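Visitor: Quick one: the structure is below, and I'll ask about it shortly.
Every read-out reported here was derived from the displayed coordinates using simple, explicitly stated rules and does not represent laboratory data. Computed from a predicted structure; not experimentally measured. Reconstructed Cβ throughout: ideal geometry from the backbone, glycine too, with neighbour counts over all protein chains shown.
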Amino acid sequence: MDCIFCKIAKKEIPSKIITETNKSIAFLDAFPLSRGHTLVIPKCHYEKVQDMTDMDNTDLFNTVHKVISKVDKLTGATLLAIHNGKDSGQEIPHVHVHLIPRQSSDHAGPVHSMFKDRPKLSDEELDELYAKIKSS
């Protein structure tokens, strides 16, 4: 497998490591969207969050919880983002959590600004989606 994040986790590629555990690692993004943009990844290769073991999931999000305090001190506001699969915008097929320091002057807007053609759903459609998601 030729996964850049696996190589970073194995220290085959240098990175600016902020912290790490036996199961996860946090480091500065090499192509930051803002100053302090940090990635937190599991050391084991998983493409999607739901593929992770409970132990790796818990460790990853404990690391996110620990690191976000540090990143948040830069601007006082941090966007957390996970692209879960290629169609969601995931460019590297390895679970990674973005911690992106935000401020009003970055003009990035809220997550809702990413979607230009948002669906207009009726109450019945919402009920149908609710039932489908809840029962699966």
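Visitor: Divide by every residue of the chain the summed helix terms, -39500 (n - 2.57) for each DSSP H run of at least 4, and state the resulting mean residue ellipticity at 222 nm, rounded to the nearest 500 deg cm²/dmol.
Guide: For the chain, the value works out to -9500 deg cm²/dmol.
Visitor: Additional query: What aspartates and glutamates could a cross-link reach from residue 134, if we take a straight Cα to Cα line under 18 Å and drop same-chain neighbours fewer than 8 places away?
Guide: Once the sequence-local aspartates and glutamates are set aside, what remains near residue 134 is 123, 124, 125.
Visitor: Could you tell me which Cys residues in the chain have no other cysteine's Cβ under 4.7 Å from their own Cβ, answering none if every one has a partner?
Guide: 44
Visitor: When 43, 132 are ordered from fewest to most other Cβ atoms inside 10 Å of their Cβ, what list results?
Guide: Going from sparsest to densest Cβ surroundings: 132, 43.
Visitor: Dipole of the chain, Cα-centred, from +1 at each Lys and Arg C-beta and -1 at each Asp and Glu C-beta, to the nearest 20 debye? Could the numbers behind the result be given before it?
Guide: Details: 18 positive and 19 negative charges, 141 e Å.
Here the size comes out at about 680 debye.
Visitor: Mind pulling the angle between the C-alpha long axis of helix 54-75 and the longest principal axis of the chain? Nearest 10 degrees, somewhere in 0 to 90.
Guide: In the chain, helix 54-75 runs at an angle near 80 degrees to the longest axis.
Visitor: Sticking with this one: I want to verify a result. In a Gaussian network model of the chain, Cα cutoff 10 Å, which of these has the top mean-square fluctuation: 42, 110, 93?
Guide: In this elastic network of the chain, the residue with the biggest mean-square fluctuation among 42, 110, 93 is 110.
Visitor: At a 10 Å Cβ-Cβ cut-off, how would you order 53, 78, fewest neighbours first?
Guide: Ranking 53, 78 by Cβ neighbours within 10 Å, fewest first, gives 53, 78.
Visitor: Of 41, 30, 81, whose Cα points farthest to the positive end of the dipole of the range 1-124 (charges on the beta-carbon: +1 Lys, Arg; -1 Asp, Glu; origin at the Cα centre)?
Guide: It is 30, whose Cα lies furthest towards the positive end.
Visitor: Between the range 108-136 and the range 1-58, what is the C-alpha centre distance in whole Å?
Guide: Rounded to whole Å, the Cα centres lie 30 Å apart.
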